[in-house]
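Here is the structure we will look at.
The values are calculated or read from the model by the stated rules, or taken from the named source; none is laboratory data. What you are looking at is a predicted structure, and each value in this text was computed from that prediction instead of being measured. All Cβ positions, even for glycine, are placed from backbone atoms using ideal geometry, and neighbour counts span all protein chains on display.
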């Protein structure tokens, strides 16, 4: 299969981005140096569906250098960076993706990277797993296993697994500590506000910011909003998370009430219709809507379009919806704002997440696992954390034998 990208002439700019992140991804570089001589993925076909930007590209390059035949597409029609996609084709990776794909083109891209009959997959949001199970079941017997990157994908996988319908092993990378404690919290927290500020050029300090969802991602977004001087309101359906938000110093209320107060709204729930037509009706003139959940269903864009008298492109990645005498502004078409309208998570953060992805694939090739959803083994999780600490020049204490024995006994 030949690569299909927007424009191969964009490769020089993409190469600059890839070379920049390569220097900063110490965990991936350590893993590459550790395994490159043995080429443990030689002869294996790896299909990847992830947000296709420089950090993802470098992970694909590492997998290729470890011997794999790598095929990749973007996991969101607006998150592929065309210059990076063009550059990646120069590293022996087959790329089938471009920014602005239609729904049909996106679906076709998924099919293209499955035509190669992968041995291993990396998924982001569960689209590959869903397509394999629903449309391409003939591929199942060939698949050794895969790894899932994000919270939304894990929700979908757990649903499959609970019904005993997950037909090959999948590693829950999102649930590893080296992932969710950093990627979901610090990564989402920083990258969401970078995207919002870059695309609106507006101050955050003093504004009422409504954050829907107080999971690890929501906590990160709230913490950064607080640091920027915003007045944070949290909406939740989980009583424990709502209490946590309250004790973290935020106002907590239903979206019906928050809709009247918010200047900026950020959805991070993994659910649908979190903000819908009844909320649009009560919002302030000039309110800004951004989604940081995986799928573009958290803000009901169709209902927003139906209510609007007029829709116009205000500036890149900002659409204005005129509703009578007020205008609401939607960022990145309601898609994942930090990638559709930004560069995604910081490089050091994704270094850990993608280190977990590579080590998870190696684990799958070394162990004959039954179908199901698996946690990333503790030793892999700790390995990634220790690699990152070393890259930061940080040393920590170690338990001595007596301390270990004390912690393992019930006697005082």
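Looking only at residues in the range 233-242 that are in contact with a strand residue (DSSP E or B) (Cβ under 8 Å, 6 or more places away or on another chain) and over 26 Å from residue 149 (Cβ atoms), the one that is surrounded by the most Cβ atoms within 10 Å (Cβ to Cβ) is 233. Of all residues in the range 62-78, those satisfying the criterion of being more than 26 Å from residue 337 (Cα to Cα) and touching a strand residue (DSSP E or B) at 6+ places or on another chain (Cβ under 8 Å) are 63, 64, 68, 69, 70. Listed conditions (1) surrounded by 21 or more Cβ atoms within 10 Å (Cβ to Cβ); (2) more than 26 Å from residue 25 (Cβ to Cβ) are all met by residue 170, apart from (2). Checking 222, 230 one by one, the residue that is under 17 Å from residue 293 (Cβ atoms), modelled with pLDDT of 95 or more, out of contact with any helix residue (DSSP H, G or I) (no Cβ under 6 Å at 6 or more places or on another chain) and surrounded by 21 or more Cβ atoms within 10 Å (Cβ to Cβ) is 222 and no other.
The combined condition, being assigned by TED's automatic domain parsing to the domain that holds residue 166, free of Cβ contacts under 8 Å to residues at least 24 places away in the same chain and assigned to a loop (DSSP other than H, G, I, E, B), is fulfilled by residue 368. When the residues of the range 259-295 are narrowed to those that are farther than 27 Å from residue 187 by Cα and out of contact with any strand residue (DSSP E or B) (no Cβ under 9 Å at 6 or more places or on another chain), which ends up surrounded by the fewest Cβ atoms within 10 Å (Cβ to Cβ)? Of everything passing the filter in the range 259-295, 278 is surrounded by the fewest Cβ atoms within 10 Å (Cβ to Cβ). What number of residues within the range 80-131 are part of a strand (DSSP E or B) and either at pLDDT below 95 or under 13 Å from residue 51 (Cα atoms) (or both)? Number of matching residues: 4. Only one entry in 261, 243, 228 is in the same structural domain as residue 325 (by TED's automatic domain parsing) and under 30 Å from residue 324 (Cα atoms), namely 261. The requirement of being surrounded by fewer than 20 Cβ atoms within 10 Å (Cβ to Cβ), closer than 27 Å to residue 389 by Cα, at pLDDT 95 or above and assigned by TED's automatic domain parsing to the domain that holds residue 386 is not satisfied by residue 31.
Limited to the range 149-181, what total is found for residues that are closer than 30 Å to residue 229 by Cα and over 12 Å from the mean Cα position of the chain (by Cα)?
Matching residues across the range 149-181 total 3.
In the set 246, 284, only one residue is in a loop (DSSP other than H, G, I, E, B), modelled with pLDDT of 95 or more and over 20 Å from residue 335 (Cα atoms); that residue is 284. Hand me the list of strands (runs of 3 or more DSSP E) wholly inside the range 296-345 holding 3 or more residues that are over 29 Å from residue 54 (Cα atoms) and touching a strand residue (DSSP E or B) at 6+ places or on another chain (Cβ under 6 Å). Where strands (runs of 3 or more DSSP E) fall fully within the range 296-345 and carry at least 3 residues being over 29 Å from residue 54 (Cα atoms) and touching a strand residue (DSSP E or B) at 6+ places or on another chain (Cβ under 6 Å), they are 310-315, 318-323.
Taking the conditions exactly as written (assigned to a helix (DSSP H, G or I) and on the phi > 0 side of the Ramachandran plot), does residue 348 satisfy them or not? Answer is no for this residue.
Note on the range 31-76: among residues that are part of a loop (DSSP other than H, G, I, E, B) and within 21 Å of residue 111 (Cβ to Cβ), the one that is farthest from the chain's Cα centre (by Cα) is 44.
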